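The values are calculated or read from the model by the stated rules, or taken from the named source; none is laboratory data. All figures in this text were calculated on a predicted structure; none of them were measured in a lab. Every residue, glycine as well, gets a Cβ built from its backbone with ideal geometry; the counts of neighbours run over all protein chains shown.
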Amino acid sequence: MKKIEAIIRTSKFDAVRDALADIGVRFFTLTEVKGYGLQKGEKHMYRGADLGSDYIARLLMEIVVTNEKVEEVLETIEKSGRTGSVGDGKIFVYDVAKSVRIRTGERDNDAI
């Protein structure tokens with residue numbers, strides 16, 4: 001099993017979610033996050049005042065899948081989340097040693 005963490009633009013969330021649903025990924029954890037990278041923050045003007053932020057709002061999607069599903073999920077997130085501009089995000093993949101569905105006690109692949 002693998003855990004995929006994808007940091008994506010908030011504006012691309014609907015496209016990524018729908019594309020993942022199309023390949024059978026129907027559950028994930030979503031967290032609103034802020035980051036700092038090549039974009040160096042966002043500029044916001046309000047009544048002529050610069051209300052810039054050093055951080056950029058993004059979404060962190062956490063998805064656990066079987067080893068066989070990893071490449072398909074990566075390609076799907078990459079295609080549906082890409083704008084071609086700096087700040088499209090990053091994807092990280094980690095090994096998962098164990099998983100347990102609390103309600104039923106199912107373990108590992110059966111739990112996901």
query: What pairs can you find where one residue is in region 20-35 and of a type in the set (Ser, Thr, Tyr), the other is surrounded by 10 or more Cβ atoms within 10 Å (Cβ to Cβ) and at pLDDT 95 or above, and their Cβ atoms are less than 7 Å apart, with a gap of 6+ or different chains?
result: Thr29/Glu62; Thr31/Leu60
field: Enumeration of residues in region 59-98 that are at pLDDT below 95, of a type in the set (Gly, Ala, Ser) and under 20 Å from Leu20 (Cβ atoms)
entry: Gly89
field: Residue in region 102-109 that is modelled with pLDDT of 95 or more, touching a Gly at 6+ places or on another chain (Cβ under 8 Å) and outside any strand (DSSP E or B) present
entry: no
query: In region 60-106, which residue that is more than 15 Å from the chain's Cα centre (by Cα) and among the basic types (Lys, Arg) is surrounded by the most Cβ atoms within 10 Å (Cβ to Cβ)?
result: Lys69
- request: Any chance you could count how many residues in region 1-25 are more than 12 Å from the chain's Cα centre (by Cα), surrounded by 12 or more Cβ atoms within 10 Å (Cβ to Cβ) and not in a helix (DSSP H, G or I)?
  value: 4
message: Considering only region 47-58, I want to know if a residue exists there that is modelled with pLDDT of 95 or more, touching a strand residue (DSSP E or B) at 6+ places or on another chain (Cβ under 9 Å) and not small (Gly, Ala, Ser).
response: no
- prompt: Cβ-Cβ below 8 Å, separation at least six or inter-chain, first residue in region 84-101 and at negative phi, second among the small types (Gly, Ala, Ser) and in a loop (DSSP other than H, G, I, E, B): which pairs?
  reply: Val86/Gly37
